[in-house]
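The values are calculated or read from the model by the stated rules, or taken from the named source; none is laboratory data. The structure presented is a predicted model; accordingly, all values stated were derived computationally and were not measured. Backbone-built Cβ (ideal geometry, glycine too); neighbour counts: all protein chains shown.
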Amino acid sequence: MRPARALIDLQALRHNYRLARELSGAKALAVVKADAYGHGAVRCALALETEADGFAVACIEEALELRAAGIKAPVLLLEGFFEASELALIAEHDLWCVVHSLWQLEAIEQTAVRKPLNIWLKLDSGMHRVGLHPKDYHEAYQRLLASGKVARIVLMTHFARADELDASTTEQQVAVFQAARQGLAAECSLRNSPGVLGWPQVPSDWVRPGIMLYGATPFEVEQAAAARLQPVMTLQSRIISVRELPTGEPVGYGAKFTSPRPTRVGVVAMGYADGYPRHAPTGTPVVVAGKRTQLIGRVSMDMLCVDLTEVPEAGIGSPVELWGKQVLASDVAQQAGTIPYQIFCNLRRVPLDYYGE
């Protein structure tokens, strides 16, 4: 059996959720969209259900998967609904729903629902992706109340640059939000993972931890709170072949690496078809048999090569950690010119093995 697999530490997941609650002093929706960022939404939600205030997903398909697995906690649809016909399912399965557009508001007004809805009313405070314009926010709130179809409204916005700790954009967005919600008596939700970790002064009755749940920092610089996170996923495999090369020999497609000295090369059963970033360059850290070494040459579909010259005890069958507790996913992502969000979400073909139940 191919040795590539991802180990998912559910105890670390719970630690990170508790850290979000501790740092924010607020209620927290665990964001498990995109299959819990590649970690397995159902298993992660089941591991958190006894203590989570609720969950957040992108769409109704993801929410229904959680309900089918027996998850009874609140589930928020972060993109709301895409067609008015979904409102019946939202009410039937007691889902919470973001409203970010006037057409969604109009659909609620015009659709009969079996019970009042829990709505999170989203303001565009400066990200300019989705959300109501500030000039429409008060009226939208009042129309939802007047519709008689809403049980509760939470006010929310989303930060565009909270992962940049020296940027003023977050404070500007908070100011826009506070002006827009003036006079509206409702709870609010502003802080995502970087907001929880890096912007403690921002008021938020609800927080939405995502990437931090999985133990990866959203920042490109060291940050004290992020240093307390515990990696949840360990991507691992084994050495399947060893080559002894003299100086001047190329390795892999395109001869992107040429041995600068006599080099011992290990081949690992892991490639971009598994989700390991193809553009990770020579020098990207890996751990083999407990020792740190580096990737060499171009990543292939099913295999990649590592330098075993300084790991003489390693051979066929030796364990390899591609990222996890010894090699941070954020370090691999930075080397590859991407972000940990993407490398987690790109994981595929690799079995997920859970522990720490």
(message) Of all residues being of a type in the set (D, E, K, R) and not in a loop (DSSP other than H, G, I, E, B) in the stretch 120-138, which is surrounded by the most Cβ atoms within 10 Å (Cβ to Cβ)? Just the residue, please.
(response) LYS122
(message) Of the residues ALA91, ALA58, only one is at pLDDT 95 or above and within 30 Å of ASP274 (Cα to Cα); which?
(response) ALA58
(message) Would you confirm whether or not the stretch 12-22 contains a residue that is part of a loop (DSSP other than H, G, I, E, B), in contact (Cβ under 8 Å) with a residue 12 or more places away in the chain and within 17 Å of the chain's Cα centre (by Cα)?
(response) no
(request) Scan the stretch 147-168 and report the pairs whose first residue is touching a residue at least 24 places away in the same chain (Cβ under 8 Å) and outside the structural domain of ALA179 (by TED's automatic domain parsing) and whose second residue is surrounded by fewer than 22 Cβ atoms within 10 Å (Cβ to Cβ) and of a type outside the set (Asp, Glu), with Cβ atoms within less than 7 Å and a gap of 6+ or a chain change. (result) none
(message) Looking only at the stretch 58-70, filter to residues that are over 13 Å from ALA30 (Cα atoms) and outside any helix (DSSP H, G or I); which one of those is farthest from the chain's Cα centre (by Cα)?
(response) GLY70
(message) Which residue is surrounded by the most Cβ atoms within 10 Å (Cβ to Cβ), if the candidates are limited to the stretch 79-103 and must be more than 24 Å from the chain's Cα centre (by Cα), part of a loop (DSSP other than H, G, I, E, B) and not acidic (Asp, Glu)?
(response) SER101
(request) Restricting attention to strands (runs of 3 or more DSSP E) lying wholly within the stretch 177-262, give those where 3 or more residues are more than 21 Å from GLY25 (Cα to Cα), under 21 Å from the mean Cα position of the chain (by Cα) and modelled with pLDDT of 95 or more. (result) 233-245
(request) Would you please list the contacts, defined by Cβ atoms under 8 Å and residues six or more apart or on different chains, that run from a residue in the stretch 97-124 that is in contact (Cβ under 8 Å) with a residue 60 or more places away in the chain to a residue that is part of a strand (DSSP E or B) and acidic (Asp, Glu)? (result) none
(request) Assess whether SER300 counts as being buried (at least 20 other Cβ atoms within 10 Å of the Cβ) and within 26 Å of the chain's Cα centre (by Cα). (result) no
